[in-house]
Amino acid sequence: MKDKILYTPGEAMELMKTDKVMLIDIRDSDDYAESHIQGAVNLPDIFYYLAETTPEGLEKLHEHFRQQLSAIGLTPDTTAIVYEDAYDSRYGGSCRGYWLLRYLGHARTGVLDGGFSAWLEEGLPADAEPVPTTPVEFAIDPQPEMLATRDEVLNCLDKPDVKLLDIRDRVEWDAKSSSPYGVDFAPRKGRLPGARWMEWYSFLERDGQIPYFKSPDRIRALCAEYGLYPEDNIIIYCFKGARASNTYVALKEAGFQKVRNYFGSWNEWSRDPQLPANEEVFG
């Protein structure tokens, strides 16, 4: 039985009646201050932090979020449910939060399916009240099987048994923009050698105005069109690991087991001129 990742608003409400639950809002502090799920804490660094996957970079990542998660009082017996406005509002930032907390060792982590938009659509409680927290000591327990580091990706470029999946927006894959932050935010445009491309939006569909993940059957069928199968060894990348986390969740929901997130992604890779890249402009 696979771990539960997605919680509908109703499921989250029911869980809060019987278990310790912490709702984590990853939106900007101004958005949070205007309105948020009643009782939710705000942690926008989950979306904004730009990671490096060198040993030094990972040590910095671990310490940064050890402090952040300690400050909000996240304990091992608490289920963390991460949310954004909707899956397409912050490039899958809630899934980035899920992936990050699970990678850091907090097993009881999920995503609010449909985000704040779905919560409000169901008429569930929201307010603008600040939420007091009681700091604790959050213990980091990294799960390396979830992560692909820069060096691991480099070593996999010529391995046919590892499939490298680029899920950035088309303009980035085509080498016409370096990032969602701006055309020239990163020093190089292009893609990792040997990568195949699926745009991350392709795993989502709208129910009314709110995007949700497609069914597991449809995700498997879509992946098969691109030569990706549940038994494959897959490394996903985007610009900073958010869209990759969104696709990570989609693939996990569809039964893919050997999936890793290159969390440093193009932001890290493009800044080292010694690392190979295909910089041909498409289209």
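If I filter region 200-220 for residues that are surrounded by 17 or more Cβ atoms within 10 Å (Cβ to Cβ), on the phi > 0 side of the Ramachandran plot and either touching a Phe, Trp or Tyr at 6+ places or on another chain (Cβ under 6 Å) or not hydroxyl-bearing (Ser, Thr, Tyr) (or both), do I get at least one hit?
No.
Tally the residues that are over 21 Å from residue 260 (Cα atoms), among the hydrophobic types (A, V, I, L, M, F, W, C) and assigned to a helix (DSSP H, G or I), restricting the search to region 91-120. Explain how you work it out, then say what you get.
Filtering region 91-120 down to residues over 21 Å from residue 260 (Cα atoms) leaves 112-120.
Filter once more, so that each one left must be among the hydrophobic types (A, V, I, L, M, F, W, C): 112, 116, 118-120.
Imposing the further condition that a residue be assigned to a helix (DSSP H, G or I) reduces the set to 116, 118-120.
So the count comes out to 4.
Of everything in region 68-85 that's polar (S, T, N, Q) and not in a loop (DSSP other than H, G, I, E, B), which residue is surrounded by the most Cβ atoms within 10 Å (Cβ to Cβ)? Talk me through it step by step, then tell me what you get.
Going residue by residue through region 68-85, those that are polar (S, T, N, Q) are 68, 70, 75, 78-79.
Adding the requirement that they be not in a loop (DSSP other than H, G, I, E, B) leaves 68, 70, 79.
Details: 68: 15, 70: 16, 79: 20.
Step by step, filter region 68-85, then rank; the result is 79.
Going by the structure shown, is residue 147 within 13 Å of the chain's Cα centre (by Cα) and closer than 20 Å to residue 192 by Cα?
Working: within 13 Å of the chain's Cα centre (by Cα): yes; closer than 20 Å to residue 192 by Cα: yes.
When the stated conditions are applied, residue 147 passes them.
Residue check, residue 124 against (1) aliphatic (A, V, I, L, M); (2) under 20 Å from residue 237 (Cα atoms); (3) in contact (Cβ under 8 Å) with a residue 12 or more places away in the chain, all met but one. Which one?
The single condition residue 124 does not satisfy is (2).
Is it true that residue 88 is out of contact with any strand residue (DSSP E or B) (no Cβ under 6 Å at 6 or more places or on another chain) and part of a loop (DSSP other than H, G, I, E, B)? Steps first, please.
Numbers: out of contact with any strand residue (DSSP E or B) (no Cβ under 6 Å at 6 or more places or on another chain): no; part of a loop (DSSP other than H, G, I, E, B): yes.
So residue 88 does not fit the description; no.
Residue check: is residue 245 small (Gly, Ala, Ser), at pLDDT 95 or above and on the phi < 0 side of the Ramachandran plot? First the steps, then the outcome.
Values: small (Gly, Ala, Ser): yes; at pLDDT 95 or above: yes; on the phi < 0 side of the Ramachandran plot: yes.
So residue 245 passes the test.
Of the numbered conditions (1) touching a Lys or Arg at 6+ places or on another chain (Cβ under 9 Å); (2) assigned to a helix (DSSP H, G or I), residue 154 satisfies every one except a single condition; which is it?
Residue 154 satisfies all of (1) touching a Lys or Arg at 6+ places or on another chain (Cβ under 9 Å); (2) assigned to a helix (DSSP H, G or I) except (1).
Criterion first (closer than 25 Å to residue 251 by Cβ, within 18 Å of the chain's Cα centre (by Cα) and of a type in the set (Asp, Glu)) does residue 11 satisfy it? Show your work before the answer.
On the way: closer than 25 Å to residue 251 by Cβ: yes; within 18 Å of the chain's Cα centre (by Cα): no; of a type in the set (Asp, Glu): yes.
In short, no.
If we keep just the residues of region 12-31 that are without any contact (Cβ under 8 Å) to a residue 24 or more places away in the chain and surrounded by 14 or more Cβ atoms within 10 Å (Cβ to Cβ), which is farthest from residue 91 (Cα to Cα)?
First pass over region 12-31, keeping only residues without any contact (Cβ under 8 Å) to a residue 24 or more places away in the chain: 14, 16-18, 28-30.
Filter again for surrounded by 14 or more Cβ atoms within 10 Å (Cβ to Cβ), leaving 16, 28.
Working: 16: 27, 28: 14 Å.
Here the residue is 16.
If I ask for residues that are assigned to a helix (DSSP H, G or I) and of a type in the set (A, V, I, L, M, F, W, C), which ones from region 4-30 would you list?
Start the filter on region 4-30 by keeping residues that are assigned to a helix (DSSP H, G or I), which leaves 9-18, 29-30.
Listed by number, the residues that qualify are 12, 13, 15, 16.
In region 150-171, which residues are out of contact with any strand residue (DSSP E or B) (no Cβ under 7 Å at 6 or more places or on another chain) and surrounded by 21 or more Cβ atoms within 10 Å (Cβ to Cβ)? Talk me through it step by step, then tell me what you get.
Step one: of region 150-171, the residues out of contact with any strand residue (DSSP E or B) (no Cβ under 7 Å at 6 or more places or on another chain) are 150-152, 154-155, 157-160, 168-171.
Across region 150-171, the qualifying residue is only 168.
Condition first: surrounded by fewer than 17 Cβ atoms within 10 Å (Cβ to Cβ) and either in contact with a Gly (Cβ under 7 Å, 6 or more places away or on another chain) or within 19 Å of residue 94 (Cβ to Cβ) (or both). Now tell me which residues in region 32-63 satisfy that.
Residues of region 32-63 surrounded by fewer than 17 Cβ atoms within 10 Å (Cβ to Cβ): 33-35, 38-39, 45, 48, 50, 54-56, 59-60, 62-63.
Of everything in region 32-63, those that are surrounded by fewer than 17 Cβ atoms within 10 Å (Cβ to Cβ) and either in contact with a Gly (Cβ under 7 Å, 6 or more places away or on another chain) or within 19 Å of residue 94 (Cβ to Cβ) (or both) turn out to be 33, 34, 35, 38, 39, 45, 48, 50.
Show me the helices (runs of 4 or more DSSP H) found entirely inside region 194-283 where at least 1 residues are among the basic types (Lys, Arg) and in contact (Cβ under 8 Å) with a residue 24 or more places away in the chain. Lay out the reasoning, then the answer.
On the way: elements: 216-225, 242-253, 265-269.
Ranges flagged: 216-225, 242-253.
The values are calculated or read from the model by the stated rules, or taken from the named source; none is laboratory data. This one's a predicted model, so the numbers in the text were calculated from it and none came from an experiment. Counting neighbours? That spans all protein chains shown, and the Cβs are built from the backbone with ideal geometry, glycine included.
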